Amino acid sequence: MADGTFTEESCPYAAESAKPAKFGQMPGALPIVGHAIEMYRRPLDFLASLPAHGDLVELRLGPGRAYMVCTPELTRQVLLDARTFDKGGPVINAGRQLIGDGLATCDWLEHKRQRPLVQPAFRADRITSYAEVMEEEIQATTVDWRDGAVHDISAALRSLTIRVTARTLFSAPMGASAVAEVEQGLPPVLSGLYWRMLVPLQALHKLPTPGNRRFRKSLARLHDAIGGIVAAYRNSEGSHNDILSAIFEYRGGEHGDSFSDEEIRNQIFTFLIGATETTASALSWVFYLLSENPKAEEQLHAEVDAVLEGRPAVHADLPHLDYCRRVLTEALRLYPPVWAVTRTTTSETELAGHALAKNTTVMWSPYLLHRNADLYSKPNEFDPDRWPVGHNPTDSRGAMFPFAAGRRKCIGDNFAMVEATLALATIASRWRLSRPDGTRLVPEPKMTLGTGPLPMVCTSRSPQLVSSN
Ligand code: HEM
């Protein structure tokens, strides 16, 4: 285990099932709407109920059919064959119209071209250098917290991840105004985007309502700011040690290929959307779960106190923050920010012995897999100790899929883990967060599986260090 890999003995769910996969149909479809109302009203309960009906389960979402894969083996089969199970369908099409054909939305063939052009920006040595920005912004997050005061932790963490993403994208001094524009304009764009992807009815979104106007204005301002910064980088010399520089540096690389300015703008939008709510949701759940589980909180505080002795965490501390990583892994298991995803078949194919026609919607869900009692004992319990020392949730073997698997696996998985671990360790070394009223949270499954507003009492663990913040 020292090298962080699983063996069958240490990971009971690592072995692929030898049983033939079973096809089933979800009962209870209503005329015309099918299961859409249930899926809309109680999506998480609905997802968790599916494996009882088969390994591949047919659903009716409105007049159309969709197929949910309910085992790690079938999920892997779908994710590893990105050509047959491609991005597509109404949600992805709506996303393409709004943010362009970037890495997360483009089809299989275009993805083959785009991913190598972006990958160098996420090399391990690059992420080490982005960690400095993360460290600065994490410290800035708690600067105005006062002992005993209540703060909305999910809002603070969303603001943190937006600042980190914007500054690691364009860190040059000329990028400062674009960073400020992103901080202000991204939150309304993110909430409007979810609604537009869920209900892709152009006419509705063109109505002159205050919400539609605000969305269009914020999106236009973001487009202008991002267009301006891409043009400025193109005309500037030297590297700024950030994601945008890495993408520009790759121009004319070994394949002689490069992005146009419009394509770079699309990638920037893709990163802003992919990197912010996801990491913020994961961290919000971590602080909530720790407040509910005093033993785990105590163990985490003991680790950060021993490793950091009150100072903020830096990249070199990461190998020593194993319990922090296990707490994060367990939060990603219980509340995977990307909770359900669709694919579209590009040709006739077979899955679980069932024939699927071209253009069939196939779905996979980390939430469904992570809550399955056949895969995890006491699946609804928060237990960081179920993860072996050294385990990293970016490892897509076994039954953990918070970052997906295969060619379309999250490009920012290591970035997210570095950012989240540094944030968790630094904040927990100085602050204990508790729920003011002890109420249980109800998850909000929207674009990500969020906590919604998360007011928490922030109690200083080290007053003299807080005042020198
Ligand atoms: C805890 C945080 C995060 C989680 C749970 C997460 C999860 C995921 C998942 C599940 C996918 C695959 C979606 C699919 O199969 O359709 C994905 C793709 C992607 N993510 Fe993340 N993500 C996180 C953070 C980030 C960060 C920090 C970045 C960028 C800095 C990022 C950028 C992307 C991009 C660009 C893709 C598309 C990759 C491709 O298709 O090649 N994500 N993410």
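A few points about this structure:
- Three-way shape call for the chain based on the alpha-carbon gyration tensor, with the a/c threshold at 1.5: rounded
- When each full DSSP H helix of the chain is screened for a Cα extent of at least 27 Å along its own axis and an average Kyte-Doolittle hydropathy of at least -0.5, the helices passing are 176-198, 210-234, 261-292.
- Computed over the chain: relative contact order in percent, which uses C-alpha pairs under 8 Å that are six or more apart: 25 percent
- Cα-projected label distance for Asn93 with Glu249, points at 7 Å along beta-carbon direction, nm: 4.0 nm
- Among the protein heavy atoms, those of Lys446 account for about 100 Å² of accessible surface (1.4 Å probe, every chain in place).
- Take every Cα pair under 8 Å whose residues are at least 6 apart in sequence, average their separation, divide by the length of the stretch 363-469, and the relative contact order is 18 percent.
- Taking label positions 7 Å along the Cα-Cβ direction at both Val33 and Ser462, the computed distance is 5.4 nm, reported to one decimal.
- Where only DSSP H runs of four or more residues are counted, the chain gives -15500 deg cm²/dmol as its mean residue ellipticity at 222 nm, each run worth -39500 (n - 2.57).
- Normalised by the number of residues in the stretch 277-435, the average gap of Cα pairs under 8 Å and 6 or more apart makes the relative contact order 32 percent.
- The overall shape of the stretch 132-285, judged from the alpha-carbon gyration tensor, is oblate: a/c is not under 1.5, and a/b is no greater than b/c.
- The stretch 434-463-the stretch 116-143 distance, computed between alpha-carbon centres (Å): 25 Å
- Only Lys, Arg, Asp and Glu carry charge here, each on its Cβ (+1 for the first two, -1 for the last two); on that basis the chain has a dipole of about 1600 debye about its Cα centre.
- Ordering of 48-60, 328-340 by packing is 328-340, 48-60, highest average first (other Cβ atoms within 10 Å, averaged per residue).
- Among the GluC sites (Glu not before Pro) in the stretch 120-202, none is located in a DSSP loop while being surrounded by at most 13 other Cβ atoms within 10 Å of its own Cβ.
- Straight-distance candidates among the lysines for linking to Lys112, with alpha-carbon spacing under 24 Å and chain neighbours fewer than 8 residues away dropped: Lys87, Lys358, Lys409.
The values are calculated or read from the model by the stated rules, or taken from the named source; none is laboratory data. Just so we're clear, the structure is a prediction, and the values are computed from it rather than from any experiment. Because the Cβ atoms are built from the backbone with ideal geometry, glycine has one as well, and the counts that use them run over all protein chains shown. The protein model used for the area step is the full one, side chains on, heavy atoms only, and it has no ligands, DNA or RNA in it. Shrake-Rupley method; radii C 1.70, N 1.55, O 1.52, S 1.80 Å.
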